[in-house]
Every structure is written in structure tokens, then in C-alpha cells.
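Below: the structure, in C-alpha cells.
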Amino acid sequence: MSQNVNRRHFLMGAAAAGVALTQSSSAKAQDTLDKLIVGVMGTGGRGQGLAQTFQRLAGVDITYVCDADQNRAEQAAGVVQRISNRAPRAITDYRRMLDDRNVDIVVVATCNHWHAPGTIAACNAGKHVYVEKPCSHNPREGELMVQAARKHKRHVQMGNQRRSWPRVIEAMDELRKGVIGRVYFAQAWYTNNRPSIGRGKEGPPPKSLDYDLWQGPAPRRPYRSNYLHYNWHWFWHWGNGELGNNGVHSIDLCRWGLGVNYPIKATSAGGRYRYEDDQETPDTHVVSFEFEGRKMISWEGLSCSRPRPVDHVRFHGENGILSMTDSEYVITDAARKEVRRVPIVTGDAMHVENFLNAIRNNTRLNSEIEEGHKSTLLCHLGNIAQRTGRTLHCNAANGHIDNDKAAMGYWSREYEKGWDPRVM
């Protein structure tokens, strides 16, 4: 897609037909409960993984795989074909999915700066949406996603799949029942051993990549050799650092277990300590959030240092501790005596099945977009505290930053002209 394409039409092309499409999609889902038609937007590792998960479930057909890089779209089509014996259409322009009345669901597994614009445009076009974490690039986008889901009565699920793992749900129920007494503090960790991204060089993008389309809502920047296909995470222009990339999973568990929504205070410390290169976001990062009711969350991220801590998340209560990894949860009493150890079964399929059941039967989503927004917002607030270098004081009703105009300047972003997301 070239520079002279009407970008607003690209994002909102199907918006005018939104009401009709909503009615048609709802009626279709009722008439053919055994068949839901899916288009996947973004076909990197996560997008391909989700495409396989969706296609392997009964009553699902993936008919489109879309990526700004044609090679990646075609590769994803081959992956789906090996499962279904039918190749979906490999496209770069996702308007074709929005314009197709047969498509019920859009899976948004793009780079972060496309998560909210893609979701909002899909809702405007009457599609249900499964959107990867973090659900937004900035706080205002999350608020708009909630608005779009409500206005068009669409099911929108964020891909924090632990919300659907039965044993994790069980552990959260145990906390609610008081297994460790009043829970007041949750800790979380993430570690990795990522290499340096080096110093990139300006030059032409790969021939298979529509770089203008890849940038989409983000103001234009020249292509550099160390942006794609993964290192965009470490540039504020497109990504949200390790906090938004992986921290959102464990922070979501912390918020769920504590039973809290919006914080009253957010702090951050850290920086790019391991390497000297082009990365803008911290590789060593510690954030904390305080909530009404004397509760607190802390998260520590080490992108370039292992081994990983034994626990993934740890809940501290007045009568003990509940610690959790992706393989088990363990309850200990106040004397540190182990009370229970329970294995956890993992996988994406349970979260996707919850999403499909909600569409077919109008049942509850395990990570409905408002819940996804609340957890993603904590990551945004941690990053804003880091970028401003000061403590943020927040409104407990909506998470907005009080009495700090400069910090609230990060609540939204500048968009490329004609690409700003709007609920139509």
C-alpha cells in the first residue's frame, strides 16, 4: 500500500456499515453455531501460534491471514493449510477482512502500536476481536477499545491466557476464600537473557515488507536494520518495553489476586544497564503500584539476566503465602509450612475456547477488554513513571494521573495524519 492511499479509509473503511455488519454477524453466529470464520492480523510467532490454536478447534475456519510482510503472511497460510487442508488468503491489506461479511472474528496479533487501532476498526466493522497483550500502546487507546466494544456490542478478549487456566482460577478462588487471610501484597518477576540489539543503519526495507503500512498509526520514521521483526518492542514509538511485553501477564495475575482495579500511586526505577545500544526501554526495571485498602503490587523485570526466580508471582497474606509459576501453585502457612501444592495445566486453547463460547452463547469472557485495559494500564503507568522520573499520583476511579500535565501528556500519542483510531 503506497503513501497516497487514504489512511482513514484503511482504518475505518467498513465503519459506515458497522450497524448492518453487527446485525449480520450476530445473526450468522446464531444460525451456524458450529462455524465461526476468522481472520488473523499479524502473523509473526504469536500470530502463527494463535492461528494454529484457532484452526484446531471445532467449528472454526481461518479464511484470512494478514501481515504487512507478504512473506510472513504466506508462511502463516502454509501453517494453517497443514492443519485444515485449505489455504487461507494471504493478504497485506486487512480491510479485506473487515469488508468481508462472512468474517466473524479478527485476531489482532500485530505489533503493539496496531493492537488498539486494529481492534477498534474491527469492532466498527461488526467483528468480535481476540487481541494480544498488551491491548494498547497507550492508556487512551485502551479507553477507546472499551468504548468500541460497548457501542458495537462486540466480544473483545485480551490474550492473557492464564485467566482461563482452571488451576489458576482455582488459586484465585482460594485467595478470595481467605486461604492465606487478607491479601495485601503481590510480587511478580520476569527474566530473560536477551542480547544487544546493536546500532541500526538506515536503509530500504525488505522488498516483501510494506513499511508504510507496518507503521500505520505511528508517525513516520525511516527504516532501520534493527527494528524488525522483534526489536520494535524496545522503542517507545511502537512498543512498551519488557513491562508491556511480558510484565503484563504477571501484573494481571497480581491485580486479579488482590482484587484491585486502578492504583492511587505508581513508581519506577531502572534503565538500560546491560548494554549500550539503540534500545530505549529499560532492560532492568522495577515498578510498584499502591491501591486503596492498603494493597500493593511490585514487578521486577530483568531482560538480560538469568536464572529466573523460582516464583513467577507471589501473594502475601496475613496468614501465609500463595506462590505461583506456570507449572504449579503452592500455599504455605504463616510458619512457612507447605499446606498444598497443585500442578497447573497450561495452553492457549482454553482461553480461545472461552472466547468462542462467549460469542456462541453470550457467556462471560475471562479477560473482557475492560479487565485487559486495567492490567495494561498498570504497565503504561509504570512506563510513564519511568519516562518522567517521578512518582505518579492517580485517580482511583479511572487511573488518570492527577496534577501532572507532563505525565498526562503520555496518556495518548501523536498519530500519523489520517490514521488516528476512532469509535464510529
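The values are calculated or read from the model by the stated rules, or taken from the named source; none is laboratory data. As the structure is a prediction and not an experimental result, all values here were calculated from the model. Quick reminder, even Gly has a Cβ in these numbers, built from the backbone with ideal geometry, and neighbours come from all protein chains shown. When the accessible area is computed, the model is the full protein with side chains, heavy atoms only, and any ligands, DNA or RNA have been set aside. Shrake-Rupley method; radii C 1.70, N 1.55, O 1.52, S 1.80 Å.
General observations
- Test: residue in region 380-396 that is under 26 Å from His152 (Cβ atoms) and assigned to a helix (DSSP H, G or I): yes
- Where a residue in region 413-424 is at positive phi and its partner, wherever it lies, is in a loop (DSSP other than H, G, I, E, B) and surrounded by fewer than 17 Cβ atoms within 10 Å (Cβ to Cβ), with Cβ under 9 Å and at least six apart: Gly418/Asn6
So that you can scan it fast, the table gives a plain yes or no per residue for (1) charged (D, E, K, R); (2) open to solvent by 70 Å² or more (accessible area, probe 1.4 Å):
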site	(1), (2)
Glu353	yes, yes
Glu371	yes, no
Leu377	no, no
His380	no, no
Asn383	no, no
Thr391	no, no
Asp402	yes, no
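- Subset of region 327-342 (residues that are surrounded by 12 or more Cβ atoms within 10 Å (Cβ to Cβ) and in a strand (DSSP E or B)): Glu328, Tyr329, Val330, Ile331, Thr332, Asp333, Val339, Arg340, Val342
- Leading residue by the ranking (farthest from Gln187 (Cα to Cα)) among those in region 296-306 that are open to solvent by less than 50 Å² (accessible area, probe 1.4 Å) and assigned to a strand (DSSP E or B): Cys304
- One residue from His312, His237, His249, His285 being modelled with pLDDT under 95 and open to solvent by less than 40 Å² (accessible area, probe 1.4 Å): His312
- Residue match in region 84-99 (condition: closer than 24 Å to Asn160 by Cα and either under 15 Å from the mean Cα position of the chain (by Cα) or open to solvent by 10 Å² or more (accessible area, probe 1.4 Å) (or both)): no
- All positions within region 195-215 that are in contact (Cβ under 8 Å) with a residue 24 or more places away in the chain, touching a Ser or Thr at 6+ places or on another chain (Cβ under 8 Å), open to solvent by less than 40 Å² (accessible area, probe 1.4 Å) and not acidic (Asp, Glu): Gly200, Leu213
- Scope region 349-366; condition outside any helix (DSSP H, G or I), within 18 Å of the chain's Cα centre (by Cα) and not hydrophobic (A, V, I, L, M, F, W, C); matching residues: Asn366
- Filter result (closer than 24 Å to Asn124 by Cα, among the hydrophobic types (A, V, I, L, M, F, W, C) and open to solvent by 20 Å² or more (accessible area, probe 1.4 Å)) within region 404-424: Val423, Met424
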